[in-house]
Amino acid sequence: MTADTATPVSTAASDSAAGERLRISEIFFSLQGESRSVGCPTVFVRLTGCPLRCGYCDTGYAFSGGEWMSLDQVLTRVDEYHAHFVTVTGGEPMAQRACPALLGALCDAGYQVSLETSGALDLSAVDPRVVKVMDLKTPGSGEVERNHWDNIALLTDRDQLKFVLCDRADYEWSKDVIARHELADRCELLMSPSFGQLEPRTLAEWILQDRLPVRFQLQLHKLLWGEEQGR
Ligand code: SF4
């Protein structure tokens, strides 16, 4: 059995982390809709809250509400699904102080863990076993000035950098950023159209014309289930 297929071994957080609490918007089981593990059954832990307000945000319901849970309660809920992949998402999960402890505890429990993040907050406290799936916010998102550029240096070839594009101007901006920061040499690059704003076929043709070193992707969960929450 490889490390990638190892069965989770323990769900108890370490003594130092056990007292941590997190505000949880939802925990659910679905197919991963994006990233390199697209299509894989995955437990999603969605943390409440986000300091950004992207124009295309589809998880505004996670900006507030949810319930406080201890780290051990979260681990117990995750364990009920008997899954291999766990994605910590939001909102912006790193906006909660206990997020790094949650990520570490999930790794300790044997899960293959990914973090979906806006990239607007410092990621240096993220456990190195975690796959970071980080956005670079484009001008069309309305939050381009929130990019925390120092995070790029923390990405490795196990991580993924995601561009969600609203229009041609976003595409040109992304192309320039990829070249200027030599991002193709650093990690996998994901590019997707903002749902309902940019035709997927148009973006696909731009990428092919430029032979851009990115992986085009659509949000699988939206193709399957539309805007349904908890999917
Ligand atoms: S960072 Fe994500 S959760 Fe926050 S506003 Fe933007 S799209 Fe929504």
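The values are calculated or read from the model by the stated rules, or taken from the named source; none is laboratory data. Since the structure is predicted, the reported quantities are computational estimates derived from the model, not experimental observations. Glycine gets a Cβ as well: all are built from the backbone with ideal geometry, and neighbour counts include every protein chain shown. With ligands, DNA and RNA removed, areas are computed over all heavy atoms of the protein, side chains included. Shrake-Rupley method; radii C 1.70, N 1.55, O 1.52, S 1.80 Å.
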TODO: Any residue in the stretch 173-190 that's more than 16 Å from F216 (Cα to Cα): show its pairings with residues that are of a type outside the set (K, R) and assigned to a helix (DSSP H, G or I) at Cβ separation under 9 Å, as long as the two are six or more apart or on different chains.
DONE: W173/P139; W173/G140; W173/V144; V177/L183; H181/W149; H181/I152; R186/I152; R186/A153
Open item on the list: Looking at the stretch 108-129, can you tell me whether even one residue there is in contact with a Cys (Cβ under 8 Å, 6 or more places away or on another chain) and within 23 Å of L198 (Cβ to Cβ)?
Closed with: yes
TODO: List the number of the failed condition for L106; all other conditions in (1) closer than 22 Å to E145 by Cβ; (2) away from the ligand (no atom under 14 Å from the Cβ); (3) not β-branched (V, I, T) hold.
DONE: (1)
- [ ] Hey, can you tell me all the residues within the stretch 105-122 that are within 22 Å of G19 (Cα to Cα), surrounded by fewer than 21 Cβ atoms within 10 Å (Cβ to Cβ) and out of contact with any Ser or Thr (no Cβ under 6 Å at 6 or more places or on another chain)?
- [x] C107, D108, G110
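Okay, residues lined up against (1) open to solvent by less than 40 Å² (accessible area, probe 1.4 Å); (2) out of contact with any His (no Cβ under 8 Å at 6 or more places or on another chain); (3) within 14 Å of the ligand (Cβ to nearest atom):
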| site | (1), (2), (3) |
| --- | --- |
| F28 | yes, yes, no |
| G33 | yes, no, yes |
| V38 | no, yes, no |
| F44 | yes, yes, yes |
| L47 | yes, yes, yes |
| Y56 | no, yes, yes |
| G60 | yes, yes, yes |
| E67 | no, yes, no |
